[in-house]
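The values are calculated or read from the model by the stated rules, or taken from the named source; none is laboratory data. Keep in mind that what you see is a predicted model, and the values were worked out from it rather than measured. Cβ coordinates were reconstructed from backbone atoms using ideal geometry, including for glycine residues, and neighbour counts include every protein chain displayed.
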Amino acid sequence: MRTLGSLTGDLVALTQAVCDVPSVSGAETVLADAVETALRAYPHLELLRDGDAIVARTSLGRAERVIIAGHLDTVPIAGNLPTRFVGEGAAAEIWGRGTVDMKAGVAVQLALAAGLDVPSRDVTWVFYDHEEVETSLSGLGRLVRNHPDWLRADFAVLCEPTNGGIEGGCNGTLRAEVRIPGTAAHSARAWRGINAIHAAAPVLTTLAGYLPADVAVDGLVYREGMNAVGIRGGIAGNVIPDECIVTVNYRFAPSRDLTEAERLVRELFAGFEVTVVDAAAGARPGLDHPTAQQFVAAVVATTGRGPAPKYGWTDVARFAELGIPAVNFGPGDPLFAHTDDERCPVAQIHDCYRALHAWLS
């Protein structure tokens, strides 16, 4: 069985130990076992498990409970494990798969869960599987369905990479297929048909000219986006295509609900058949909650950085659906997530640990 070593010793060594256990989505069991085994050594924690999702929680009767959550899985390895330590001093980094997304954050969680035996708030530590794949497989979604009582809390922090600053809420996302019809014909007699790919030009022109909105939500400004992310059409090299499908992704501000987002897309492509194939609501920043304000104060005191919006969709939206305000906060630059040269600054790992420790202790 793989072990993680000391949870309360060197934080960099712990981060490398967590990253060096391969846990590509669907193969998280070895790491989940190691996390469970390591946390069972601490009697102040109650341990619960569903599949490869581990929940550890204190029960001290505090006035409020908070969730600190992170996922165990990574995208596929690209020759970037085991991890390696690069640089020194303020420029030191850990390179390797998962260092940014998001095992440095998981290491911070583990160190705090082990070391904070009498936190000022009751804490539910959540380590879950299947985040990097389709939403139907999400380990956090499974916990919501199977054990909603495990996730009762007043506030949540998701340790997704944010460059060590708070990113409040998240944009919603909607994916739709816009169908353009045509009439098939032999390409040698193209005039007898209607080329559906050519007829897609107005859809593409609309997208190319679309000006995304900047939307202020509870003090943060979210930038929207409307983009073609796929196009398909045609069945053979000598047939005029009778159908073209343009796949559109709309990233929308968390002040909009799914109904409004879908209506805007349908209005934009009026006259075409539009089918929504996937959608997930966003999450408002949640920064007006008193606990959130105290967390912001702890982060600002540690890093000097105030809150910013999260443009991408994250699992804070799942907490929002449960009525739990949530923010993203973790070490690592999201621009390096999923890259072959993924790496996380050591200083950010320590800063995130210190900010969370100050808030929880």
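Observations on the model:
- Verdict on ASN227 being surrounded by fewer than 19 Cβ atoms within 10 Å (Cβ to Cβ), farther than 21 Å from GLY172 by Cα and not assigned by TED's automatic domain parsing to the domain that holds PRO307: no
- Single residue of the range 267-280 satisfying the filter (closer than 30 Å to GLY193 by Cβ and in contact (Cβ under 8 Å) with a residue 12 or more places away in the chain) that is nearest to the chain's Cα centre (by Cα): VAL277
- Positions within the range 182-199 being within 22 Å of THR247 (Cβ to Cβ) and either touching a helix residue (DSSP H, G or I) at 6+ places or on another chain (Cβ under 7 Å) or basic (Lys, Arg) (or both), in sequence order: GLY182
- Residues of the range 144-186 classified as touching an Asp or Glu at 6+ places or on another chain (Cβ under 6 Å), within 13 Å of THR124 (Cα to Cα) and crowded, with 20+ Cβ neighbours inside 10 Å, total: 1
- Among residues of the range 322-359, those that are over 18 Å from ILE94 (Cβ atoms) and either without any contact (Cβ under 8 Å) to a residue 60 or more places away in the chain or crowded, with 20+ Cβ neighbours inside 10 Å (or both), counted: 10
- Looking at the range 257-361, the strands (runs of 3 or more DSSP E) lying wholly inside it that each contain 2 or more residues that are in the same structural domain as GLY225 (by TED's automatic domain parsing) sit at 273-280.
- Residue check for SER6: more than 15 Å from TRP125 (Cβ to Cβ), free of Cβ contacts under 8 Å to residues at least 60 places away in the same chain and of a type in the set (Gly, Ala, Ser): yes
- Selection status of TYR250, among the aromatic types (Phe, Trp, Tyr), touching a strand residue (DSSP E or B) at 6+ places or on another chain (Cβ under 9 Å) and more than 30 Å from ASN195 (Cβ to Cβ): no
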